[in-house]
Ligand code: SAH
């Protein structure tokens, strides 16, 4: 049995051809799933009963069980991929439509000091159908999704192949038809994978978790910095910016007494001087780590504004239901 959510339209067509089923029927099924929001063969009214039975004999369409949690501004989905593997996705409604924050790994191996997912540890990569399931469940719950951010559990660039197949599927004009500009990928900054993304010519928006203005501090709170330092990271981002034309944002959580002084702001402004990188200052969400929320958010941001740096403040949404950035652990 193949999980139908593993397949883009051309793979589904190939699979149907192998079974001597006409191609147009694959297109009908694909449209039901991604345009008419049902994955249940029994609801596909233009498909004969004989075909429904036939398709169900080689295609798996069952969705995993899940729970919903309603916060003030967000809805969290806790999806049970298996007995022990849970992932979370967050729906963030706005005037411009609903954004879906998707997970890409069960857990995360990067061990950033302040992030709950890192503290929980790494289990495995999610496969394509598991990534897509998050979208299918959100749509099924009545949230029409118009933007995708790969900012949930895990490091998307460590599961790049599956993330890109999932992106292609949701991007397919014959299905969900989400334009590539509607996707943002957040990364802790893996240089070889950023290069790969660039070579494949995906014009996806990049958000990069910087969180510190110098290598000494960044290595302390984000071990990945020992492998890829800030200077090399910024160089590759400049190249990405130039090649793809996509704006890049640097995420910076303000941690009390750690990276929130005006000296840190000065160092940060030196780093981005002469670029058009956008700085996204993030309010820290309390995790089981030792860190605390900084009181300097507005002072820090005003300092950067005075230096003519593009800066915005991202207030936390979802912390009331543990759905905020860095709070996803796969538990309620
Ligand atoms: N691994 C990727 C994708 C995860 S995105 C990455 O690092 O970018 C999750 C975002 O939330 C990242 O920017 C991460 O640094 C940030 N984050 C982690 N812990 C946080 C916390 N406690 N409060 C606010 N943001 C946090």
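The values are calculated or read from the model by the stated rules, or taken from the named source; none is laboratory data. Fair warning: this is a prediction, and the values are worked out from it, not measured in the lab. So basically every Cβ, Gly included, is an ideal-geometry build from the backbone, and we count neighbours across all protein chains shown.
Some notes on this structure:
- Cβ pairs under 6 Å, 6+ apart, first in the stretch 320-332 and near the ligand (Cβ under 8 Å from one of its atoms), second part of a loop (DSSP other than H, G, I, E, B) and at pLDDT below 85: 324/316; 324/318
- Condition check for residue 99: within 18 Å of residue 327 (Cβ to Cβ) and at pLDDT 95 or above: yes
- Among residues of the stretch 230-257, those that are within 12 Å of residue 189 (Cβ to Cβ), surrounded by fewer than 16 Cβ atoms within 10 Å (Cβ to Cβ) and either within 15 Å of the ligand (Cβ to nearest atom) or without any contact (Cβ under 8 Å) to a residue 24 or more places away in the chain (or both), counted: 2
- When the test is whether a residue is in a helix (DSSP H, G or I), touching a helix residue (DSSP H, G or I) at 6+ places or on another chain (Cβ under 8 Å) and surrounded by fewer than 20 Cβ atoms within 10 Å (Cβ to Cβ), residue 177 does not pass it.
- Qualifying residue in the stretch 56-66 (condition: part of a loop (DSSP other than H, G, I, E, B) and without any contact (Cβ under 8 Å) to a residue 40 or more places away in the chain): yes
- Qualifying residue in the stretch 276-283 (condition: surrounded by fewer than 21 Cβ atoms within 10 Å (Cβ to Cβ) and more than 16 Å from the ligand (Cβ to nearest atom)): yes
- Every listed requirement among (1) in contact (Cβ under 8 Å) with a residue 40 or more places away in the chain; (2) under 21 Å from residue 205 (Cβ atoms); (3) in a strand (DSSP E or B); (4) touching a helix residue (DSSP H, G or I) at 6+ places or on another chain (Cβ under 7 Å) is met by residue 313 save one, (1).
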